[in-house]
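All remarks here apply to the structure that follows.
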Amino acid sequence: MNIPSRSIKRRRQRTSFYAIPALRAVDILLFVALLMVKLILFDKAVHVPYMEMNRDDAMTAAGTLALASFWTLWLPPRGRLLALIVLDVILTAIIYADLIYFRYFQDLITVPVLLQAGQVGALGESINSLLHAKDIWFFVDWLILLPLAVLTINRMRALRRSRQSELSFLGRGRLSTAARRIGAGLVVFVIGFALVYVPVHKAKSTWAAELFTGNWWNMSLYNVTGVLGFHGYDLYRYAGEHWFNDMTLTAEQQDIAKKWFDNRAAERRALESSDPMFGQFKGSNVIAIQLEAFQSFFINRKIGGAEVTPNINKLLGSSLYFNNFYHQTSQGRTADADLAANVSLQPLPTGSVFIRYAQHTYDSMPQTLKEHGYAANVFHAYEGGFWNRNMMYDELGYDRFYSKNAYVIDEPLGWSLGDRSFFKQSVALMKQVKQPFYSFLISLSSHHPYTLPKSVQTLDVGAYKGTIFGDYLEAVHYADTAIGVLVDELKAAGLWDKSIFLFYGDHDNSIREWEPFESFLGQPLDESERFRILKGVPLVVHLPGDDALAGTYGQVGGQLDVTPTVLHLLGISSADKAMVGTPLITGQLKKQERQSFAKQVVFRSGAYTDGEVLYLPSEDGLPGHSKCYAFATGAAVSAGSCEGGAVKAREELYASDLVVEHDLVPMLHETLKR
Ligand code: GP9
Ligand code: MN
């Protein structure tokens, strides 16, 4: 038994701060207080609109600190003090690293970010502008805490030398001391858990219901979990998806994916060798615009005698307009449209590929064009971290992502910069790029809830004034003006005749009351018409110096066909690419209201159309409840007319999901290379 000598005992009683019972919890309280200040500083520094820390957020933040530190109460007093100082240093470093990362990427650090070296490396050149003098407040406590840690270590060493070790688990105190410490630790754990659980559960059961499944931005998660809670959740999410999820691929699954993509690539290969359109526009620039919530039901329509989209309607005179073109997005909305159009793979049923599998390999339009000597840039005047774009665009092979930081916000509108100024500034940036180039632009002003300032409401929407439908028409009318500006700018820059220019809508407008649609279109809408309106977005393609093909085309198509179409026109083979779509602009095209090339457009729900039928599976998944309609008339037809197609639609979704989830593109390259 180690009995402290009397002199040591006396000295310890005299000097020990812990001898005063009331002060025993002071270190952990001080720890929570200091870190709370830092979390508030972080929140103020990132300053995301509508996300300021409120009472619930403060509760969550305090709870996460309790959860991070409860175990220190199991240690003897000096061990605990030391552990709290080390925790303070680690958590401060995490919070500050997040702040620096946020200032550059408008996002938080995640496990995949740490695994993808390029992301953090990009900070290097700008580090000076990312460090602010006032950040010193994150570290002032270290001036006291670090010397205190050294003193504590020395003191512990001295005590250990006198065989009074306090480092061992629970120290050498009496059993009652041990029980008290365990109890105190557990109490803090329970308090911490409750402080986190109650507000997070409240958010999850109200506005944030889909946030944890279909999450769209790490900052939205941060808004619920706080920065430390976010890292806990990120680790849990990553571990669940990558370590604990049984992702073993069976030989049979491999075979299914190989066969499916091989067949699809063979279709494209056959077309490449026989179709006169292949390579007709070799060497052109490609300028593709993804328009926010831009549907097709208002194209060529008037309200109170005024055209909703006068600029686009005029452009149709010299362009190819696909009026049976559909969006194929799921929960990932804008990001799914981007994936469909640039990667030609199906989105996932839950969440977005951009967030869940950004580190996997894909065959993309930018990457393929770069392999053929093109420059490739993407433009979107919003926070670069939204939809995990920074990471995904890196993977897709773009040279540069011009996000909000690259723009002067001289026309503030809605979420960010108005589309008119966005397009103007993008063309100015584009002019600097060596040709041929691929430029992908994503608009934003026509985003839900569509309320534009009075100054840009230039369409008289009559009876719809003051309704969301009226606001939507105003917003798409504004977006149409912006398209007009963009075309003029491209002409002035001398790019118009050297470029394949195309645009498509990303997804529907989320307005689910059918009455305004019916009164606007002047007819009642049955189920098949509603589906076609909901999914219908325009695809408009202007080909350089060639208006001969201009006209309206009724062939069905979808966003997954955009990349194969562009590659086909440029004469770049997609036969060795793991892509789902097929070219829409071929020698077979005819200007007709409706044509069928035995081509299927498959939607995430398993619905499909081939231009002959429209198949809508039932929500309860029972085959007997599904619907089969004639595409031309909307009349119900026998279920048998859709059966074979429904099986093929499921096969497409299954094969595409295998590729995304199991990262099969490298394996498929081996099979597709001939
Ligand atoms: C934001 C924009 C909107 O960057 O792309 O995304 P959404 O909410 O439409 O998916
Ligand atoms: Mn969108």
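Assorted remarks:
- Excluding ligands, DNA and RNA, the accessible surface per residue across the chain is 43 Å² with a 1.4 Å probe.
- In the chain, the DSSP beta bridges split such that about 45 percent are antiparallel, to the nearest 5.
- Taking the centroid of alpha carbons for each part, the stretch 250-265 and the stretch 616-674 are 15 Å apart.
- Mean separation of Cα contacts under 8 Å, 6 or more apart, over the residue count of the chain: relative contact order %: 17
- Of ARG103, ARG55, ARG512, the order by accessible heavy-atom surface (1.4 Å probe, DNA, RNA and ligands excluded), from most exposed downward, is ARG55, ARG512, ARG103.
- For the stretch 277-596: rounded, prolate or oblate by the Cα gyration tensor [a/c cutoff 1.5]: rounded
- The stretch 531-674 shape via C-alpha gyration tensor axes, a/c threshold 1.5: oblate
- Across all directions, the shadow cast by the convex hull of the chain built on its C-alpha atoms averages 35.7 square nanometres.
- Span-like helix ranges in the chain, DSSP H, alpha carbon extent 20 angstrom or more, Kyte mean at least 0.5: 26-46, 77-105, 142-161, 175-204, 468-492
- Protein heavy-atom surface of the chain, 1.4 angstrom probe: 59% of the accessible area is carbon and sulfur, with nucleic acids and ligands not counted.
- A DSSP coil position with no more than 12 other Cβ atoms inside 10 Å describes the following chymotrypsin sites (Phe, Trp or Tyr not before Pro) in the stretch 205-259: TRP207.
- Counting only heavy atoms of the protein chains and using a 1.4 Å probe, ARG269 has close to 70 Å² of accessible surface.
- Rolled with a 1.4 Å probe across the full set of protein chains, the surface gives THR225 an accessible area near 10 Å².
The values are calculated or read from the model by the stated rules, or taken from the named source; none is laboratory data. Bear in mind the structure is a predicted one, so any value in this text is a computation, not a measurement. A quick note on method: Cβ atoms are made from the backbone with ideal geometry, for glycine too, and the neighbour counts reach across all protein chains shown. When the accessible area is computed, the model is the full protein with side chains, heavy atoms only, and any ligands, DNA or RNA have been set aside. Shrake-Rupley method; radii C 1.70, N 1.55, O 1.52, S 1.80 Å.
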